[in-house]
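The values are calculated or read from the model by the stated rules, or taken from the named source; none is laboratory data. Because the structure is a prediction, the values reported are computed rather than measured. Methodologically, a virtual Cβ is constructed for each residue, glycine included, from the backbone with ideal geometry; neighbour enumeration extends over all protein chains shown. Surface areas here come from the heavy atoms of the whole protein model, side chains and all, with no ligands, DNA or RNA. Shrake-Rupley method; radii C 1.70, N 1.55, O 1.52, S 1.80 Å.
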Amino acid sequence: MADGDNKELIEALNRIEKKLGDIQYDLIEIKNAMPKVPYYGDLLQDIAKAVENIRK
C-alpha cells in the first residue's frame, strides 16, 4: 500500500471508531429509556401461578 492509501485507511478507521463511540452512547440512552422488566425467574414464577389459578 502506498502512504496515501494508508492515510485514507487510517482516516476511515478513525471515523468508524468515532461512529462506534456514538452508537455506544445511543445504546446506553435507549437502555435507560426502556421500562424495567422483572427478572425472568420472577416472570416465570408469575406465569406458573397464573396457570395454577386458571386450573382452579
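Identify, from the list Ile10, Ile54, Ile47, Ile23, the residue that is under 18 Å from the mean Cα position of the chain (by Cα) and free of Cβ contacts under 8 Å to residues at least 60 places away in the same chain.
Numbers: Ile10 fails: under 18 Å from the mean Cα position of the chain (by Cα); Ile54 fails: under 18 Å from the mean Cα position of the chain (by Cα); Ile47 fails: under 18 Å from the mean Cα position of the chain (by Cα).
Just one listed residue meets the conditions, Ile23.
Residues checked against (1) in a helix (DSSP H, G or I); (2) open to solvent by 100 Å² or more (accessible area, probe 1.4 Å); (3) not hydrophobic (A, V, I, L, M, F, W, C):
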{"site": "Glu8", "(1), (2), (3)": "yes, yes, yes"}
{"site": "Glu11", "(1), (2), (3)": "yes, no, yes"}
{"site": "Glu17", "(1), (2), (3)": "yes, yes, yes"}
{"site": "Ile23", "(1), (2), (3)": "yes, no, no"}
{"site": "Leu27", "(1), (2), (3)": "yes, yes, no"}
{"site": "Lys31", "(1), (2), (3)": "yes, yes, yes"}
{"site": "Asp42", "(1), (2), (3)": "yes, no, yes"}
{"site": "Ala50", "(1), (2), (3)": "yes, no, no"}
